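First comes the structure, then the notes that go with it.
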Amino acid sequence: MLRNIDEGVLIALESLRVNKLRSTLTILGVVIGVATVMTMASIVEGIRTQVFNAVNAAVPNVFYVMRWFGATPFDPSNPPYEVRIRPVLTENDAAAIARAPLVRHAALWCRFSSRIEFEDSRTQITEVWGSDERFIELQGGTLLAGRLFAPSEVRTGAPVTILASDVARSIFGRLDPVGRYVRMGNRALQVIGIWHPPDNAFRQPGATTGAFVPYRMAKGSFRFDETRELFVVVLGDLSVSVGDVRDQATVALRRFRGLRPGLPNTFDTITQDQMLQMVDRLTGAFFLVMIALSGVSLLVGGIGVMAIMMVSVTSRTREIGTRKALGATRQESLWQFLVEAATLTLVGGSIGILVGLGMGEVMKAGLAIDARPPLWSAAAAVVVSIAIGLGFGLYPANRAARMDPVEALRHE
């Protein structure tokens, strides 16, 4: 059997050498399919790794309370009924949650998008948070220069801002931003500090926080979705689990809103675990779709392998007859052509792995994620390549094995 494997591999490689164009077109589908699987696996694993690292770096015992939390998008100007019946969050809701014994701090925040401009420099549309003076305690990160919001600035909604370090560097260059003015929309805001962000579990992959402003200033000057961009940020006692703090916050807000026992909550809570579960569901669905699409390429490649093996069987009919006349059994002929088919697809799979590794590096640079192809995807690519060769090579191999040696020797 080992001798037959060696012989089958050598014959397949010789066929590749002699019929370069035909063989290249045959294995192209396998190359594309395997490379697609590895590229998609790289992106999914990169996003998951980024989120899991963010969870480890995030401030512990922080969770959000929102009007509605769900993966299904909808038009903010015309939300579905189950969203409309829920009241919009207010600062009184945050104050009610803050009174729970295990809650260290709770504040109403919002999020909106805007360009940040200084003279002739401007950013792309970036994420801006309307927060309170304790945002570093809840979001993490460090203050590189300047100061935080004063309580009076938060209370009155003063036109001040704290810029993220990369935003400050992009629009100010070597100038000291602190004390200067930037524009967001039609508002002029004084820069009072520079903040360096950490990884954040609640930030979508690819999204960046460009600045912070006092919540009341954001509420009065900018538009945002009160369902998905308005939330209460809750910091719990570090000595207890986030689940216990969430339970107390839920009870406090239900009591404040007058919800009787048995009535459903009119708000949602988001913890880091819930965010990870949503990421897993979204990336899992995305991965399945990509696997299905790449499966079409693998199917096309398998059909190509079948076609070239059929041509090979036809062109080598006299050879098959000679081998059988010299004593080759049906099983040996079947095995030889299966090995040839598997070799063809293994070559395509190997090239696909190299292309997939290269695409992973491109995705890593383009998406700014750690898009390294997982080892299982390379192993799966090899196994699938061989399986395709064996599966689609079975019919032509069986045809060769069934040939009558006398008729094969008479073939012209």
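Read-outs throughout are calculated quantities, based only on the coordinates presented, and are distinct from any laboratory measurement. Being a predicted model, the structure only gives us computed values, none of them experimental. Note that we place each Cβ from the backbone using ideal geometry, even for glycine, and neighbour counts take in every protein chain shown.
One way to sum up the overall shape of the stretch 65-118 is the equivalent ellipsoid from its Cα gyration tensor, whose semi-axes run 25, 21, 10 Å, largest first. Listed peptides 350-360, 221-231 appear in the order 350-360, 221-231 once ranked by packing, highest mean of other Cβ atoms within 10 Å at the front. Quick check for you: which residues of the stretch 78-100 have the amide N under 15 Å from the point 7 Å beyond the Cα of residue 226 toward its beta carbon? Only 78-80, 83-94 pass the distance filter. Ranking of 194, 303, 116, 125 by neighbouring Cβ atoms within 10 Å, starting from the fewest: 125, 303, 194, 116.
Beta bridges from DSSP with both residues in the stretch 68-266: antiparallel share about 70 percent, rounded to the nearest 5.
Subtracting the Cα-Cα distance of residue 174 and residue 365 from 0.36 nm times their residue separation leaves 66.1 nm of extension gain. Each of 249, 128, 198 was scored by the projection of its Cα onto the charge dipole of the stretch 110-252, and the greatest displacement toward the positive side belongs to 128; charges sit on the C-beta of Lys, Arg, Asp and Glu. The listed peptides 130-137, 186-193, ordered by packing as a protection proxy, come out as 130-137, 186-193 (highest mean of other Cβ atoms within 10 Å first). Put simply, the C-alpha atoms of the stretch 68-266 give a gyration tensor, and the ellipsoid matching it has half-axes of 32, 19, 15 Å, longest first. Annotation: extensible slack from residue 183 through residue 265 equals 25.6 nm (criterion: 0.36 nm per residue apart, minus Cα-Cα distance).
For the stretch 68-266, a simple Cβ point-charge model (Lys and Arg +1, Asp and Glu -1, everything else neutral) yields a dipole of about 400 debye relative to the Cα centre. Cβ-Cβ distance of residue 24 and residue 113, R₀ of 56 Å, FRET efficiency by 1/(1 + (r/R0)^6): the value works out to about 0.75.
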